[in-house]
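Structure first, commentary second.
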Amino acid sequence: MENSKFKLGLIFSIILLFFSASLIPSISGDTNNIDNLLTKGTPKSCSLNDDESLAYWSFDEGSGTTAYDYSGHSFDGLIYGADWTTGYLSYALDFNGNSDYVSVDTYSEELGFNKSDDYKISVWIKSTSNDAGMIYQVSSDIYILPIAYIRLNPDGTLEVKVQATEECGVEVHSTNTYNDGLWHYIEFIYHGCPDTSDPTLELYIDQEFIGSDTDYLCPMISQQFKRAKIGMKSYESAEYFHGLIDELKVYKKPGENQPLGVPIINGQTVGVVGEEYSYIFLTMDPDEDYIYYLVDWGDNTSTGWIGPYNSSENVVLSHSWSITDDYDIKARVKDTFDISDWGILHIDIFSNPNGEEPPSGDDNGTSGNGSLKTDASLSEKYGIVGVPINFDGSKSSDLVGIIVGYRWDFTSDGIYETDWLNNPKTTYTFNLEGTFKVTLQIKNNNDLTDIDQINITILKGFNNPPTKPIITGSNIETQNKNIYFTAVSTDLDNDYLQYNFSWGDSQETSSEFFASGIAAPFSHSWSNAGVYTITVYAFDNKTISETTSFVILIDVCFVEKIGYLLDSDSDGIYDIFHFNYTGMETIAKKTNDGYLLDTNGDGKSDYIYDLESGLSSYTEEKNGEKTPGFELISVVCAIALVLLWKKKRKL
């Protein structure tokens, strides 16, 4: 009897063994996916590699108060309070959420980055906290900005951000929560290298693309970063992280700084000894970095490096020469990375006849009416269109009476633009370039009047580029249909503007020239389904504007964050699926329950997407298929039944 029970137990054990074995393929498949997910390395989305490793804190020491940097740069961190514990790999640091952190302030400038760099932060975290916690942050100190960070929010979502100034920054937020007590792998990826006009910030969690933000970013350099912390805000004692941090890596690939333009120098090329002249210095930096000027006046004097100034900013400097000679005014500029060639303006300085002040009037001399003498020579002789110029008649005099009024005619039309003024000084703004004869008239208490005339040269400043165009039009359309758009930009110089479109399908269009502020109409059609990025910039015959991007969907339906469906033949049924993470495109199968989606091209459906109910995971069992190993289980069960039947017959 006991032997019979043993055989019966053995049979059922065999059945269970085969049943378990039949389930192993599906479980081990998930395990492989997890192994792949947890494999450390640079994701496919980022061009950075180990050669660009800037810092690597593995937190594998297991004891002590130093977190060593294993990148080879020795950016070692000082540990304040955090405890050693078991990590994702070997050891990790456990932060209490109240006062624990790691400081790497000493290396903040090296750990910072420039606007044009590529920059990546990767880290493993584990937390159950419902409080805000800064995982890693670099920033300025007093002024806080610029700043870059990875942050766990109170609701469990994750946030990454790069902010250069209050006006411009990029940031990405997750919608899922990650304070579930499991290990999660976070990647902050900033693309600043000048492949496009605007930088992009991307967020990946557990190697899944979460989102990106592309926008204009103001100039930013690594030397502005003065604080760097792990586990808290870098610039103040706040947002302490509560949880575990492990395997924190930072990568940086310097951007390719574009060469600086040679300074343009505008101003008078003939002058006299002792007279001060103003000159305009203009330079464009394609990277829009802050720039510094060095001006050599040619008489063994210079300004030294002065600045910073914005790219394309008109810089006005004045100088006088004490010796008759010809001079070369030379100017060059530098940014953080480069220095320009010299810009040169040749001038001739002559002696002043009779050693007197430079004359005014028609021949730059003063006029006179008996005891009354008008003198406008202290006025500025050069100016810029749109910038106020200072006029000064305070050298005028009356030997007998008292001067009681001053008035000015700035346009030589016999009409005075000012009333009688008590003050000999005033300002005026010219809106056109050219040389203008300006008249100053004075009168005394005996109603005697006198005039003086001076010549003023107005220069047109550096050409202002058009503003970034605004595009209007539909962004969801179908194939082989003319779609209409407008683009509009403004120009501070009121220049006429040409618009240049790139449609994202290797087609380009250029418009005629339109007045500033007038919208230009365009139309285009696409012959294939897809996601297209339209770009447009404005051109004023001298400079171009920033580029504006506009995304249009042609027979496309987004499938939440993982990709999108394409209707390749525009028949109303989507037939292609594009997977965002790999860029792979596979056949989408339409069923009564929705579209079956294959993410890896193995012919098996991984998701099902319904236009109304959304996205959900999909397994073959849902489609009525048999469990793997079902046939084997059936055979084993049949054998067991036969054995039982034989046993019964013997009894």
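Restricting to segment 554-572, name every residue that is charged (D, E, K, R) and farther than 10 Å from A588 by Cβ.
Listed by number, the residues that qualify are D555, E560, K561, D569, D571.
Could you tell me which residue of segment 367-376 is farthest from I402 (Cα to Cα), considering only residues that are outside any strand (DSSP E or B) and modelled with pLDDT under 90?
By that ranking, first place goes to S367.
Look through N423, N431 and report the one residue that is surrounded by fewer than 17 Cβ atoms within 10 Å (Cβ to Cβ), under 50 Å from the mean Cα position of the chain (by Cα) and either free of Cβ contacts under 8 Å to residues at least 12 places away in the same chain or more than 27 Å from N494 (Cα to Cα) (or both).
After ruling out the rest, the residue left standing is N423.
Could you check L497 against (1) surrounded by fewer than 19 Cβ atoms within 10 Å (Cβ to Cβ); (2) over 30 Å from G594 (Cβ atoms) and say which number it fails?
(1)
Scan segment 285-297 for residues that are surrounded by 21 or more Cβ atoms within 10 Å (Cβ to Cβ) and closer than 16 Å to A331 by Cα and jot them down.
Across segment 285-297, the qualifying residues are D285, I291, Y293, V295.
Starting from residues that are of a type in the set (G, A, S) and over 24 Å from S140 (Cβ atoms), keep the ones in segment 86-108 and report whichever is farthest from the chain's Cα centre (by Cα).
Here the answer is S90.
Kindly evaluate P359 against the criterion of being more than 30 Å from P219 (Cβ to Cβ), at pLDDT below 90 and in a loop (DSSP other than H, G, I, E, B).
yes
Among the numbered conditions (1) touching a strand residue (DSSP E or B) at 6+ places or on another chain (Cβ under 7 Å); (2) assigned by TED's automatic domain parsing to the domain that holds K115, tell me where E208 comes up short.
The failed condition is (1).
Please pick out the residue among D131, D155 that is more than 22 Å from the chain's Cα centre (by Cα), part of a loop (DSSP other than H, G, I, E, B), closer than 25 Å to K561 by Cα and assigned by TED's automatic domain parsing to the domain that holds G211.
Matching residue, one of D131, D155: D155.
Check T106 against each of (1) within 26 Å of H191 (Cα to Cα); (2) out of contact with any helix residue (DSSP H, G or I) (no Cβ under 7 Å at 6 or more places or on another chain); (3) part of a loop (DSSP other than H, G, I, E, B); (4) polar (S, T, N, Q) and name the one condition it does not meet.
(3)
Checking the condition within 24 Å of D326 (Cα to Cα), outside any loop (DSSP other than H, G, I, E, B) and out of contact with any Asp or Glu (no Cβ under 8 Å at 6 or more places or on another chain), which residue from V250, V295 passes?
V295
For segment 575-590, enumerate the residues that are of a type in the set (A, V, I, L, M), surrounded by 14 or more Cβ atoms within 10 Å (Cβ to Cβ) and either touching a Cys at 6+ places or on another chain (Cβ under 6 Å) or in a strand (DSSP E or B) (or both).
If the condition is that a residue be of a type in the set (A, V, I, L, M), surrounded by 14 or more Cβ atoms within 10 Å (Cβ to Cβ) and either touching a Cys at 6+ places or on another chain (Cβ under 6 Å) or in a strand (DSSP E or B) (or both), then I576 is the only one that fits.
Tell me, which residue of segment 435-455 that is closer than 30 Å to Q268 by Cβ and of a type in the set (V, I, T) is surrounded by the fewest Cβ atoms within 10 Å (Cβ to Cβ)?
Ranking the candidates gives T435 first.
Please determine whether any residue of segment 456-463 is outside any strand (DSSP E or B), surrounded by 16 or more Cβ atoms within 10 Å (Cβ to Cβ) and polar (S, T, N, Q).
Taking every residue of segment 456-463 in turn, at least one turns out to be outside any strand (DSSP E or B), surrounded by 16 or more Cβ atoms within 10 Å (Cβ to Cβ) and polar (S, T, N, Q).
Hey, can you tell me all the residues within segment 388-404 that are more than 14 Å from D452 (Cβ to Cβ) and surrounded by 14 or more Cβ atoms within 10 Å (Cβ to Cβ)?
I389, G401, V404
Can you tell me which residue among F485, F436 is more than 23 Å from F391 (Cα to Cα) and in a strand (DSSP E or B)?
Criteria check complete, one pass: F485.
Confirm whether V123 is over 19 Å from Y240 (Cα atoms) and in a strand (DSSP E or B).
No.
The values are calculated or read from the model by the stated rules, or taken from the named source; none is laboratory data. Treat the numbers as computed from the prediction; the structure is a model and nothing was measured. Cβ: placed from backbone, ideal geometry, glycine included. Neighbour counts: every protein chain shown.
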